[in-house]
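Scroll down for the structure; my scribbles are underneath it.
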Amino acid sequence: MHTTQLPDDALNHKAAHLIKNELLLFLKTHPTSVELGTKSREHFLYGVPMHWMNDWGTPCPLFVRQAQGAHFTCADNISYVDFCLGDTGAMFGHSPEPVARTLEQQARRGYTTMLPDMLAPQVGAALAEQFGMPCWQITTTATDANRFVLRWARAVTGRQKLLVFDGCYHGTVDDTMVDVEANRTVSRASLLGQNVDLGQYTVAVDFNDLAAVERELASGDYACLLTEPALTNCGMVPALPGFISSLRSLTQRYGTLLILDETHTISSGRGGWAKNHEVKPDFIVVGKPIAGGLPAAAYGFSGDMAAKMQAAKDLAPAGHSGIGTTLSGNMMTLAAIHATLTEVATPAAYSDMFKLADKLEDGLNIQLKRHGLPWCITRIGARIELQFCKSSPLNAREARATQNEVIENAIHLFLLNRGVLLTPFHNMMLVCPATSEDDINRLLVVFGECLDQLV
Ligand SMILES: Cc1ncc(COP(=O)(O)O)c(C=O)c1O
């Protein structure tokens, strides 16, 4: 076990006390958000467009007035440095200029037709150039992209089963919403309205456990193995050196397709983790920021896979494939993807992001050391995670054992009340091309003040 004991009771006690004060401060300084929250309840469940927007740990949702670059302003006209960046959707900054300009022009040329826009060949070429996969399909969300790739994988291989890692999240794809209980894969207990035993066709094993992967794949039953190159949704669990390339070899050996979900690991470098580490999966899924924050995602595959997919489709009876949605790949989305990939997600943008992420990582480590806290920073390019353990966890079990909601909430609320937004539900900080040294310094100062109160 790489992890250490959670911080002691005194720390938890101080964190709980801090939360009480910070909740009161939030209510005092955000009267407009409080009012909007009350009004929204008249017509929205929990007063928010999506129910989980109510789960941020604030006493009412924080309503946004406008967002630009690395900053946003709330309904009460308070300005924030945004290190959540829509949990990657705005990884290239809010309303990047080239995307805003393109959308203004496209808005006069049409939004959606169910026909391919003339820009389609250029969008395909931009995806291929950036992510190193020759063939593509567009979806509206990364959830959809994962869901559709699973369909293709089953259609192409004629196999039924799916292998994932414990602690995975690939959007609200039912097949992947599983937990491991007493060595059995079961439907996640928190799922609402699920009436299927998801463990019937999905098996989850520990990340970084090659032997467990091979034990499963050897059955020859698995259509595909779906994973992120690092788990990023249960804290952050990086792959051990060689783990992902070994997955590539194992999947090839047993006739299983390897799907890499790069929705979050786009942060690791231009073109994503696989391209930068020379691993060639059968499918890659890219989502969230590829249209500068507009809903869009895509999945890429080889020419050989494209031929197999076409053969599967041609062999199937005529009718709906169960793959695709009406608004996906519309004119507006294609224009936004093209502008983002060619003008925003540039080598220079990544280089700026990494320089500032270096500064953030160093600064956080200095603060942890100064306060004698046995916590660590796990990083994937521009994505930085603070974890309450000595070194990065090896798998989701270790990651879960290090989580501490009270301390996490205290840090998030303290920072929020001082104009710094972290990603909710864990401690993720994302740097975008518009983030400045001042923004990083602001986070570091406020984080230091927070630790002064906690320790
Ligand atoms: C790794 C990964 N894949 C897919 C998704 C789904 O993205 P979306 O919610 O945009 O469909 C997420 C969302 O957080 C994710 O973290």
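The values are calculated or read from the model by the stated rules, or taken from the named source; none is laboratory data. Since the model is a prediction, treat every value here as computed from it, not as a measurement. Quick reminder, even Gly has a Cβ in these numbers, built from the backbone with ideal geometry, and neighbours come from all protein chains shown. What goes into the accessible areas is simple: the full protein's heavy atoms, side chains included, and nothing from ligands, DNA or RNA. Shrake-Rupley method; radii C 1.70, N 1.55, O 1.52, S 1.80 Å.
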Residue 316 buried (at least 22 other Cβ atoms within 10 Å of the Cβ) and out of contact with any Pro (no Cβ under 8 Å at 6 or more places or on another chain): no
Single residue of 342, 346, 333 found to be of a type in the set (Val, Ile, Thr) and in contact with a strand residue (DSSP E or B) (Cβ under 8 Å, 6 or more places away or on another chain): 333
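Mind telling me which of the residues 197, 209 ends up being over 25 Å from the mean Cα position of the chain (by Cα) and open to solvent by 40 Å² or more (accessible area, probe 1.4 Å)?
Only one candidate passes the filter, namely 197.
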Subset of the stretch 138-161 (residues that are open to solvent by 30 Å² or more (accessible area, probe 1.4 Å) and either in contact with an Asp or Glu (Cβ under 9 Å, 6 or more places away or on another chain) or away from the ligand (no atom under 15 Å from the Cβ) (or both)): 147, 151, 152, 154, 155, 156, 157, 158, 159, 160, 161
Of all residues making up the stretch 172-189, the number that are open to solvent by 10 Å² or more (accessible area, probe 1.4 Å), in a loop (DSSP other than H, G, I, E, B) and in contact (Cβ under 8 Å) with a residue 24 or more places away in the chain: 1
Tally of residues being part of a helix (DSSP H, G or I) and of a type outside the set (Ser, Thr, Tyr) across the stretch 266-293: 10
Subset of the stretch 235-265 that is closer than 18 Å to residue 156 by Cβ and part of a loop (DSSP other than H, G, I, E, B) - its residue that is nearest to the ligand (Cβ to nearest atom): 256
Test for residue 192: is it part of a helix (DSSP H, G or I), assigned by TED's automatic domain parsing to the domain that holds residue 286 and away from the ligand (no atom under 16 Å from the Cβ): no
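Got at least one residue in the stretch 363-379 being under 19 Å from the mean Cα position of the chain (by Cα), modelled with pLDDT of 95 or more, within 30 Å of residue 127 (Cβ to Cβ) and not in a loop (DSSP other than H, G, I, E, B)?
yes
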Search result, residues across the stretch 278-296 that are open to solvent by 10 Å² or more (accessible area, probe 1.4 Å) and near the ligand (Cβ under 10 Å from one of its atoms): 288, 295
Conditions (1) surrounded by fewer than 22 Cβ atoms within 10 Å (Cβ to Cβ); (2) among the β-branched types (Val, Ile, Thr); (3) over 21 Å from residue 289 (Cβ atoms): number failed by residue 164: (1)
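Residues checked against (1) in contact with a Gly (Cβ under 7 Å, 6 or more places away or on another chain); (2) on the phi > 0 side of the Ramachandran plot; (3) acidic (Asp, Glu):
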| position | (1), (2), (3) |
| --- | --- |
| 113 | no, no, no |
| 120 | no, no, no |
| 125 | no, no, no |
| 128 | no, no, no |
| 144 | no, no, yes |
| 153 | no, no, no |
| 163 | no, no, no |
| 177 | no, no, no |
| 185 | yes, no, no |
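Yes/no matrix, rows are residues, columns are (1) more than 23 Å from residue 49 (Cβ to Cβ); (2) in contact (Cβ under 8 Å) with a residue 24 or more places away in the chain:
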site: 60; (1), (2): no, yes
site: 66; (1), (2): no, no
site: 69; (1), (2): yes, yes
site: 73; (1), (2): no, no
site: 78; (1), (2): no, yes
site: 95; (1), (2): no, yes
site: 103; (1), (2): no, yes
site: 111; (1), (2): no, yes
Top-ranked residue of the stretch 86-114 - restricted to ones that are within 16 Å of the ligand (Cβ to nearest atom) and in a loop (DSSP other than H, G, I, E, B), ranked as surrounded by the fewest Cβ atoms within 10 Å (Cβ to Cβ): 89
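Could you tell me whether the stretch 60-75 includes any residue that is basic (Lys, Arg) and surrounded by 13 or more Cβ atoms within 10 Å (Cβ to Cβ)?
yes
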Some residue of the stretch 211-229 being within 12 Å of the ligand (Cβ to nearest atom), closer than 16 Å to residue 162 by Cβ and not in a strand (DSSP E or B): yes
Qualifying residue in the stretch 266-277 (condition: open to solvent by 10 Å² or more (accessible area, probe 1.4 Å), of a type in the set (Gly, Ala, Ser) and within 16 Å of the ligand (Cβ to nearest atom)): yes
Among residues of the stretch 10-50, those that are open to solvent by 70 Å² or more (accessible area, probe 1.4 Å) and on the phi < 0 side of the Ramachandran plot, counted: 19
From the options 360, 368, 416, 373, residue that is farther than 30 Å from residue 129 by Cβ, crowded, with 23+ Cβ neighbours inside 10 Å, outside the structural domain of residue 121 (by TED's automatic domain parsing) and hydrophobic (A, V, I, L, M, F, W, C): 416
The stretch 297-306, subset more than 13 Å from the ligand (Cβ to nearest atom) and outside any helix (DSSP H, G or I), residue nearest to the chain's Cα centre (by Cα): 300
